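Input: a single structure, listed below in C-alpha cells.
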Amino acid sequence: MSAHSPGPIISPSILAADFTRLGEEVEAVANADWIHVDIMDGHFVPNLSFGPDITATVDGITSQTLDVHLMIEDPEKWVETYAKAGADCIIFHVEAVADKDAAIALARKIRDLGVRAGFSIKPGTPIEPWLDALEHFDEVLVMSVEPGFGGQSFMPDQLDKVRTLRAAIDERGLNVLIEIDGGISAETIRSAAEAGCDAFVAGSAIYKQADKAAAVEELRRLATL
Ligand code: DX5
Ligand code: ZN
C-alpha cells in the first residue's frame, strides 16, 4: 500500500453486470471507490463490450471515479472521446502502442485532457522495460488474466510483476498506483494486496453475488493489511 492511498481501492467491473439493469447495478456498488469500465474492440482482444456512449451513461449516474480500461487497437484515436465521456483515468495497453516513446506521448496527451493516465500490461509482457517510464503515468494496471473476458482464473505468477513495480515505485518515491485486474476474489485479493497492489478490479466476484455492496466490503476488508 502506498502512502497516498488511505486504504484499498475497490473497482467493480461492470462487464460482469446485468446490462438490462445497468443503472441499478452501478447503484448497487455505491460503496465502491471506483467503477471499472472495460472497453473491447474485437481486434486487440477477441471480444466486444461497449463504448463511449455506455461510458457516458455510467458517468451520468454516478460521481464515482471512472477507471476506463481500453483493450483496443489505436488507443491514440480514442482518448479524447473517452475523456469527453467522463473517464477519470484512461488506461491503454503497452502492447497496443508502437514503442515507449509513443506510450509516453499518449500519457501526456491523456494528462493534457485533464485525465489520469495509466498503462496496462498483459501477462506475457515483461514489466522491466517499462520501469523507467513510470513517472509519466498515474497508474499501472497489471493483468492477472489474458484480457478479453471476465470470469477467468487468477494467474498468481503475475504478482512478481506487482512486487517489481512496488519496489521501483517506493524506491523512487513515485506517485503511481498499482491496480490488478482479472480473477480477483475473496480467495485471491489478499495475496495481491500483500504483493503491493493499491487498487483491485473485480467483476464476477462482485456481480455474481446477491449482495453486491457486501461483496465490495468483504473484498476491502480482505485487502486491508
Ligand atoms: C478482462 C477485463 C476485466 C474483467 C475482470 O479482460 O479487463 O476487467 O472484467 O473480470 P473478473 O473479475 O471476473 O475476472
Ligand atoms: Zn479491465
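The values are calculated or read from the model by the stated rules, or taken from the named source; none is laboratory data. Just so it is clear, the structure is predicted and the values come from calculations on it, not from any experiment. FYI the Cβ positions are ideal-geometry reconstructions off the backbone, even for glycines, and counts take in every protein chain you see. For accessibility, only protein heavy atoms count, side chains too; no ligands or nucleic acids. Shrake-Rupley method; radii C 1.70, N 1.55, O 1.52, S 1.80 Å.
Working from the pairwise distances between different alpha carbons, so that the mean of 1/r is found and then inverted, what is segment 7-221's Kirkwood radius in Å?
Computed over segment 7-221, the radius equals 16.9 Å.
With all protein chains present, calculate the accessible area of Thr20 using a 1.4 Å probe and round the result to the nearest 10 Å².
We get 120 Å² for Thr20.
For Leu225, Leu174, Leu70, give the ranking by accessible area with the largest first, probe 1.4 Å.
Numbers: Leu225 115, Leu174 35, Leu70 0 Å².
From most exposed to least exposed: Leu225, Leu174, Leu70.
Rank these by accessible area, largest first, 1.4 Å probe: Lys208, Lys161, Lys100, Lys84.
Numbers: Lys208 140, Lys161 20, Lys100 60, Lys84 170 Å².
In descending accessible area the options line up as Lys84, Lys208, Lys100, Lys161.
Below 8 Å, C-alpha to C-alpha, sequence gap of six or more: please give me the relative contact order for segment 7-221 in percent. Show your work: numbers first, answer last.
Numbers: 435 pairs, mean separation 45.7, N = 215.
Taking the mean separation of contacting Cα pairs over the length of segment 7-221, I get 21 percent.
For the full complex of protein chains and a 1.4 angstrom probe, list Phe44, Phe119 by accessible area with the highest value first.
From most accessible down to least: Phe44, Phe119.
Given the -39500 (n - 2.57) contribution per DSSP H run of 4+ residues, what per-residue ellipticity at 222 nm results for the chain, rounded to the nearest 500 deg cm²/dmol?
Helices in the chain give a 222 nm mean residue ellipticity of -9000 deg cm²/dmol.
Give me the dipole magnitude in Debye, nearest 20, for the chain about the Cα centre, with unit charges on the beta carbon: positive for Lys and Arg, negative for Asp and Glu.
I would put it at about 220 debye.
Please name whichever of Gly182, Ile54, Leu106 sits farthest to the positive end of the charge dipole of the chain, dipole taken about the Cα centre and charges placed at Cβ: Lys and Arg +1, Asp and Glu -1.
Gly182
Please work out how much accessible surface Arg21 shows to a 1.4 Å probe, ignoring ligands, DNA and RNA, in Å² rounded to 10.
90 Å²
Pop out the carbon and sulfur fraction of the accessible area of the chain as a percent, whole number, probe 1.4 Å.
Of all accessible area on the chain, carbon and sulfur atoms account for 51 percent.
Restricting things to alpha carbons, find the Rg to Rh ratio for segment 36-130 using the Kirkwood radius for Rh.
Rg/Rh for segment 36-130 comes to 0.95.
Please work out the average accessible area per residue across segment 7-221, using the 1.4 Å probe convention, and give it in Å².
The answer is 40 Å² per residue.
Using only Cα atoms, what is the ratio of the radius of gyration of segment 161-220 to 2.2 N^0.38 Å? Each step should come with its number before you reach the end.
On the way: Rg = 13.0 Å, N = 60, 2.2 N^0.38 = 10.4 Å.
Rounded to two decimals, the normalised Rg is 1.24.
How many angstrom lie between the Cα centre of segment 147-225 and the Cα centre of segment 23-52?
Value for the Cα centre distance between the two parts: 17 Å.
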